[in-house]
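J.: Quick one: the structure is below, questions incoming.
We did not get these values from a lab; they are worked out from the coordinates using the rules stated. As the structure is a computational prediction, the values presented were derived from the model and not from experiment. Cβ placement follows ideal geometry from the backbone for every residue including glycine, while neighbour counts extend to all protein chains displayed.
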Amino acid sequence: MGSVPGAEDTRFARPQARSRPGRPLLLRLSYHAAMASSALSRWQSDRAKTIDELLSARATAGKEGAREKQLNLALVVRLAAEFQGFARELHDQASATFAAWGSAGNTHLADVLRERMREGRQLDHGNAQPGSLGSDFGRLGFQLWPALAKRNIASAAHQDTLDRLNRARNAIVHDNETDLETLEHEGYPITNTTLETWRSDLDSLAGTLDTEVAERLGTLFGQSAPW
């Protein structure tokens, strides 16, 4: 079950130490609740493993200049892709819950509701940037980013991180060096430090989003949160 509004959110647990291959021990926030969506569980397991494999390759590269730079660019694209996959899976799970609860056992109606919830979904065709998340999850009848900011004061900063990550991702895949230089001038060069910060922020954002969506579904249908 999700957290009770106003109570401490157990997803935001004490920071736990986690080591990176070839790098000093780092602190990453770990979000563990009694229950979590399958989307969040996969973000913390399979998707985290994919990112860690790239981090391991980067650590092996050491300070070899061009090779390390290319691995950092690959990490930007992979991090953006994995977060988009997480957000889409969470929306799928929310849509399925919405359809099941809203159809009162009518399986045909449930199918219709589920498809309407996903029809024209931005996460299917574009990046998981703040606007697309707001539009797609807004189908649950709330304004996403104000709600996330109310639940977790750091969400405004995480929103900015998501925007910068997608700007970097687009600059890389469209070979736009000027946009990468602009990000660097703003204080966000594509370096180990920047990537570690972005990943930590996305971990926090994923936990907040997961909790908020569960709470909204429960409130909408007068039920306990579905996860």
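J.: Can you sort THR178, THR191 by how many other beta carbons sit within 10 Å, fewest first?
T.: Details: THR178 8, THR191 13.
The most exposed by this proxy come first: THR178, THR191.
J.: List ASP136, ASP160 from most exposed to least, where exposure is judged by having the fewest other Cβ atoms within 10 Å.
T.: Details: ASP136 24, ASP160 13.
Fewest to most other Cβ atoms nearby, the residues stand as ASP160, ASP136.
J.: A further question on this structure: Among ALA104, THR191, ALA57, which residue has its Cα furthest toward the positive end of the charge dipole of segment 37-221, with +1 on Lys/Arg Cβ and -1 on Asp/Glu Cβ?
T.: ALA104
J.: State to the nearest 20 debye the size of the charge dipole of segment 37-221 about its Cα centre, where the only charges are +1 on K and R beta carbons and -1 on D and E beta carbons. Please list the in-between numbers first.
T.: Values: 21 positive and 27 negative charges, 77 e Å.
It works out to roughly 360 debye.
J.: Further, regarding this structure: For a label point 7 angstrom out from the Cα of GLN70 toward its Cβ, which stretches of segment 153-177 have the backbone nitrogen within less than 18 Å?
T.: 172-177
J.: At most 13 other Cβ atoms within 10 Å and a DSSP loop assignment: could you name the GluC sites (Glu not before Pro) in segment 159-227 that fit? Display every interim value, and only then the final one.
T.: On the way: sites: GLU177, GLU181, GLU184, GLU186, GLU196, GLU212, GLU215; in loops: GLU186.
Sparse-neighbourhood loop GluC sites (Glu not before Pro): GLU186.
J.: Which of ARG47, ARG114, ARG67 has the fewest other C-beta atoms within 10 Å, and how do the rest follow up to the most?
T.: Working: ARG47 22, ARG114 19, ARG67 14.
Exposure proxy ranking, most exposed first: ARG67, ARG114, ARG47.
J.: Once R0 is set to 25 Å, what does the formula 1/(1 + (r/R0)^6) return for the Cβ-Cβ distance between ALA96 and LYS150, expressed as a FRET efficiency to the nearest 0.05?
T.: 0.45
J.: Here's something else I'd like to know. Once the Cβ-Cβ distance between THR219 and ALA157 is put in as r, and R0 is 30 Å, what FRET efficiency do you end up with, to the nearest 0.05? Working shown, then result.
T.: Numbers: r = 26 Å, r/R0 = 0.86.
For THR219 and ALA157, the calculated efficiency is 0.70.
J.: Please compute the net charge surrounding ASP111, taking Lys and Arg as +1 and Asp and Glu as -1 over other residues with Cβ under 15 Å from its Cβ. Intermediate results must be reported in sequence, preceding the final value.
T.: Numbers: positive: ARG114, ARG116, ARG118; negative: ASP92, GLU115, GLU119.
Within the 15 Å Cβ shell, the charges total 0.
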